[in-house]
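Here is the structure we will look at, set down as structure tokens.
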Amino acid sequence: MRALNRLFARLLNFTTVTPGGSRLREEMESHIASQTEESIRAGMTGEEARRHARLKFGSVEMVRENYHAEEGLPFLETLLLDVRYAWRVLRKSPSFTIVALVTLMLGIGANLVVFGVLNTVLLQPLAVSDPQNLYQLRHQQWMNFRLLTTSYPALEDFRRRNTTFTGMIGINAYDHAGLSWRNAVTSVSGDSVTGNYFDLLGVQPEAGRFFHEGDEHGPDSAPYVVLSDALWRSAFHADRDVVGATVELSHYPFTVVGVAPPQFHGTERFVWPDYWIPLTNQQQAGGDDYLHNRSDISVTVIGRLKPGVTAQQATENLNAIAIQLAKEYPETDDGQSLRLIHPGLFGDEGEVIRGFLWSVTALALLVLTAACANLATLFAARAADRGQELALRVALGSSRRRLVRQLLTEAVMVSLMGGAAAVVGAYLLLGALNRWHSPYGPLPISVDARVFLAGLALTLVSALLFGMVPARQVWHSSPLSLKSGPAGSMPLRRLALRDLLLGAQIAICTLLVTASLVAVRSMIRVLHLPLGIQPQGAMLVDVDLSQVEQSGATALEKRKEIIEAARIIPGVTAVGAVSHIPMTGGIRGIPIFPPGTAEFTLNNSVLAPYAISMSPGYLEAAGIRLLAGRDVSWQDTPTTPYVAVVNQTFAHKMWGQTPAIGQHFVLLRHLTEVVGVAEDGKYHDLQESPQPVAYLPLSQSESSEGILVVRSPRAPNEMAAELERALGSIEPNVPITAQSWPDALQAQFFPARAATLALGVMGLLAAMLAVTGIAGMAAYSVSRRMKELGIRMALGARKTQVMRAAVGRPMVLLAVGSAVGLMAGVFASRLLGRVVYQANPRDPLVVGGVMLTMALLGMAASAIPARRALAVDPSKLMREE
């Protein structure tokens, strides 16, 4: 009776929370007092009269709700009450609240970090006008060369003959040059572009102006340069007076006409040119003549479609032109079909990047799904433990709808707090990524409105996912079942919704652990790939001789002098020069012909191997084994027979089992003799199939440019200082860049490392969720069955029987969920294959590692509940009962 009186008094006081509540309280008290007086006059005692009056009055809660439904703003008022009550409930359970918040923060935060990267790379448009109407020309066959499309003369033909584009631009990407300004020399890289480049892209300068198509009047007619915002600020200190000044690029004068805006860096997301110059003047800065050479397909072509023209129509138009050009220029144009793609992601490699990011996003969503399943299990167990409270509220007149709303309010509050923490954490992590320079260059990840909207959406969806489970549980229960509270127990043979949720959570966590172990195995596989080279212990030195006026024999002698200067440095064991470092870009195929060929058309070619010029000693410095024959020598000159060293794939494709030494082929119109055979390796990327390669003597090449490969056991930073000092004495004003070979290959190993890191973090989060889920279920099972376990122990049950009764159910769910997760990992092979190299979920080491990991997680999660079950004192428990 006293408890009922106290509860009634609290409900009366509760009405003062909202406007008009005090008046309602006075009216209810007056009505109850009047009824009490009547009962006393009828002969009842004071206590009985008050009890009779309150029972006759009915539910205070229902009266209050009806009153506010008529007189107030019921939704806002009840929402305020629900929020205040939910806050008090959450404060009373700090451990539960902290676990829920951390779980949500990790799940939502992981998704926001992944979405932030995906938003920057895939969803944000290029900083140009109408980027969706821009298309890049590509050959129909997927090409290994990232950005190459055609030659400059072929570009001119396409521009004149097409009827589907408003304009086309040509880009010769990333020419290295030395920039001289006020007695300072800076090594820079930039793009040579056609004069209509900025006009077609619709970009406005930050300072000065851009060059235009009208500025070009033939070769070397437009010595203009546009600076990037980054170069303008670093080398020129953002001085606007630099516009109109003359700088030197590779010893040639160029006039600075303008500065590009900060957000513009061309048509590639991962490439940041330092400058742009007209293609008509590219030979001055780059040293090669692209304007008249149809065999050099070093130009990337991008066009803007005319209004109303589809990509399919433009493709058909371009293919018709390509067929005509193949008939007119059979020696250089093969008439291969063309296709159109949107620029921005290294040509065809955009498909790989898109697949990687969308697949990682899907796996991150699985992490959030597991987190929601975990919270749903915890909230459902908590709702069951609050059965007496909920039953009392029902008995006092609260509707099931009100209880469901209250539980959903608690879920939304937890989700909002966890989501807010996740947004802050993701913002900090994305900011750190923004300051980090990847091997591909800077990646400015902007946290824009999309990221915040994604955070809000994930927060609300998460609240619904785990909040609906306890709400459903209350909606479908009766007051009597709620009142039973913890005393009741679920029959072991019957599967509850909580069991299904825990099983699903374990399956998802097993899949994520599988993915992380697959990534680790892939990383190990990548690190042990036969590269055909030995980067460890080697340095790459780029001596930019473009600042020095020299050609022919003089340039070759200078290169030999530099090689000799590097060779005599103490600790150097081998040194050589090569035109293209494997797996760093720029390498391309050149068609070769059989001896006696009279018509050098592409249809008569027998192979298109990579052509690499090298000096004597390069093979030794690079760690490439010479399997037969000899190396090239300085005695191989243009006045002696042309020679080449080929790799195994070249020899096999050309002559099968016949020895390659002494065989001949025609390359660049020269009859070339094979004097050596080297081992195969990787040349463009880690995933390419074996490719044919012809190593040509640097002394017989048209260009003597090359990068030094210096092998030494000394520390890289020590060798870099020695090389810069020794080689700088030969040409004091020439930029010299030295770095270790493994550092130069970071871009090749970056995808595997990024995949391993991303999946490793997701696997770790999954393991944490699995532990908390299993531990929560086991602890809940033990707490609800404490009396039963005490009786079992009092009757002489063995410890193994008590353990089985206490944590047997979670262990069964662990076994079943792990098996389902392993099978899901096998079916997800295609998804994982987009993330990691040669993904194999069926790998015995992966399967064994997953089984061992999940078993250890289960043991760790159930240890504390099991110890609690074994520590039950039957006599003490009976006294408490």
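General remarks:
- Residues satisfying the stated conditions in the range 743-765, i.e. touching a residue at least 60 places away in the same chain (Cβ under 8 Å), under 22 Å from GLN838 (Cα atoms) and either touching a strand residue (DSSP E or B) at 6+ places or on another chain (Cβ under 9 Å) or among the basic types (Lys, Arg) (or both): GLN746, ALA747, PHE750, ARG753
- Count of the range 691-707 residues which are modelled with pLDDT of 90 or more and open to solvent by 10 Å² or more (accessible area, probe 1.4 Å): 2
- Qualifying residue in the range 282-296 (condition: under 33 Å from the mean Cα position of the chain (by Cα), open to solvent by less than 40 Å² (accessible area, probe 1.4 Å) and either touching a residue at least 12 places away in the same chain (Cβ under 8 Å) or over 30 Å from ILE736 (Cβ atoms) (or both)): no
- Subset of the range 75-88 (residues that are modelled with pLDDT under 80 and among the β-branched types (Val, Ile, Thr)): THR78
- Within the range 744-759, one or more residues are in contact with a helix residue (DSSP H, G or I) (Cβ under 8 Å, 6 or more places away or on another chain) and among the β-branched types (Val, Ile, Thr).
- Residues that are surrounded by 18 or more Cβ atoms within 10 Å (Cβ to Cβ) and either among the hydrophobic types (A, V, I, L, M, F, W, C) or not in a strand (DSSP E or B) (or both) within the range 664-675 comprise PHE665, VAL666, LEU667, VAL674, VAL675, listed in sequence order.
- Scanning the range 708-746 for residues that are assigned to a loop (DSSP other than H, G, I, E, B) and open to solvent by less than 30 Å² (accessible area, probe 1.4 Å), we see that the one that is modelled with the highest pLDDT is SER712.
- Positions within the range 512-545 being under 30 Å from GLY617 (Cα atoms) and within 18 Å of the chain's Cα centre (by Cα), in sequence order: none
- Verdict on THR255 being open to solvent by 60 Å² or more (accessible area, probe 1.4 Å), polar (S, T, N, Q) and at pLDDT 90 or above: no
- Restricted to the range 240-311, the set of strands (runs of 3 or more DSSP E) holding at least 2 residues that are of a type outside the set (S, T, N, Q) and farther than 22 Å from HIS342 by Cα comprises 246-249, 252-259, 275-278.
- Residue count for the range 560-587, restricted to those that are part of a loop (DSSP other than H, G, I, E, B) and of a type outside the set (A, V, I, L, M, F, W, C): 9
- Flag for VAL632 being open to solvent by less than 20 Å² (accessible area, probe 1.4 Å), closer than 29 Å to THR597 by Cα and in contact with an Asp or Glu (Cβ under 8 Å, 6 or more places away or on another chain): no
- Boolean, ALA222 is open to solvent by 30 Å² or more (accessible area, probe 1.4 Å) and either touching a Pro at 6+ places or on another chain (Cβ under 9 Å) or without any contact (Cβ under 8 Å) to a residue 40 or more places away in the chain (or both): no
- Strands (runs of 3 or more DSSP E) lying entirely in the range 588-650 (those with 1 or more residues that are in contact (Cβ under 8 Å) with a residue 40 or more places away in the chain, farther than 18 Å from GLY681 by Cβ and of a type in the set (Phe, Trp, Tyr)): 642-647
- Considering only residues in the range 91-133 that are outside any helix (DSSP H, G or I) and out of contact with any helix residue (DSSP H, G or I) (no Cβ under 8 Å at 6 or more places or on another chain), the one that is least open to solvent (accessible area, probe 1.4 Å) turns out to be LEU126.
- The residues of the range 172-193 that are buried (at least 21 other Cβ atoms within 10 Å of the Cβ) and either without any contact (Cβ under 8 Å) to a residue 12 or more places away in the chain or hydroxyl-bearing (Ser, Thr, Tyr) (or both) amount to a single one, SER192.
- Among (1) under 30 Å from ARG354 (Cβ atoms); (2) touching a residue at least 24 places away in the same chain (Cβ under 8 Å); (3) not hydrophobic (A, V, I, L, M, F, W, C), the one test that GLY833 misses: (2)
- Selection status of ALA755, more than 34 Å from the chain's Cα centre (by Cα), modelled with pLDDT of 85 or more and more than 23 Å from HIS580 (Cβ to Cβ): no
- Residue within the range 488-498 that is modelled with pLDDT under 85 and among the polar types (S, T, N, Q) present: yes
- Single residue of the range 333-383 satisfying the filter (open to solvent by 20 Å² or more (accessible area, probe 1.4 Å) and among the small types (Gly, Ala, Ser)) that is modelled with the lowest pLDDT: GLY335
- Verdict on ALA824 being modelled with pLDDT of 85 or more, open to solvent by less than 60 Å² (accessible area, probe 1.4 Å) and closer than 29 Å to ALA855 by Cβ: yes
- Looking across the range 187-201, not a single residue is over 22 Å from PHE270 (Cβ atoms) and at pLDDT below 90.
- The set of residues from the range 838-856 being modelled with pLDDT under 85 and surrounded by 20 or more Cβ atoms within 10 Å (Cβ to Cβ) comprises just one member, ALA839.
The values are calculated or read from the model by the stated rules, or taken from the named source; none is laboratory data. Remember, it's a predicted structure, so these values are computed and weren't measured experimentally. Cβ sites come from the backbone with ideal geometry, for glycine too, and all protein chains shown count toward neighbours. Protein only, heavy atoms only, side chains kept; ligands, DNA and RNA dropped before computing areas. Shrake-Rupley method; radii C 1.70, N 1.55, O 1.52, S 1.80 Å.
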